[in-house]
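The values are calculated or read from the model by the stated rules, or taken from the named source; none is laboratory data. The shown structure was predicted, so the numbers you read here are calculated from the model rather than taken from an experiment. Backbone-built Cβ (ideal geometry, glycine too); neighbour counts: all protein chains shown.
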Amino acid sequence: MPRKYQRQLGSRRYADYTAETLKNCLNEIRSGDISHRKAEEKYKIPRRTILNKLKGRHSKKPGKQPIFTSNEE
């Protein structure tokens, strides 16, 4: 049975936020309620990630394309 992975203290944090949190953050910025920097502090999401999502960059899923479609499986 595999062990449960535990991140080392002080290690880099990757995507340490939920999709719902990111969605709320982007909605607040688009409505003009909050700036990018304030959103970064409030939601603990990197500013570059916020800017990339607003500009539509990195919209595809990472990794190779699946061989079979969901219908074929």
Return the residue satisfying two criteria in turn: it lies in segment 1-30 and is modelled with pLDDT of 90 or more and among the charged types (D, E, K, R), and of such residues it is farthest from LEU54 (Cα to Cα). GLU20
Return the only residue of LYS53, LYS4 being loosely packed, with under 10 Cβ neighbours inside 10 Å and at negative phi. LYS4
For the structure I just gave you, tell me whether SER35 is polar (S, T, N, Q) and either surrounded by fewer than 10 Cβ atoms within 10 Å (Cβ to Cβ) or at pLDDT below 80 (or both). no
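Residues that are in contact (Cβ under 8 Å) with a residue 24 or more places away in the chain: list the helices (runs of 4 or more DSSP H) wholly contained in the chain that include at least 3 such residues.
Here the list reads 19-31, 47-55.
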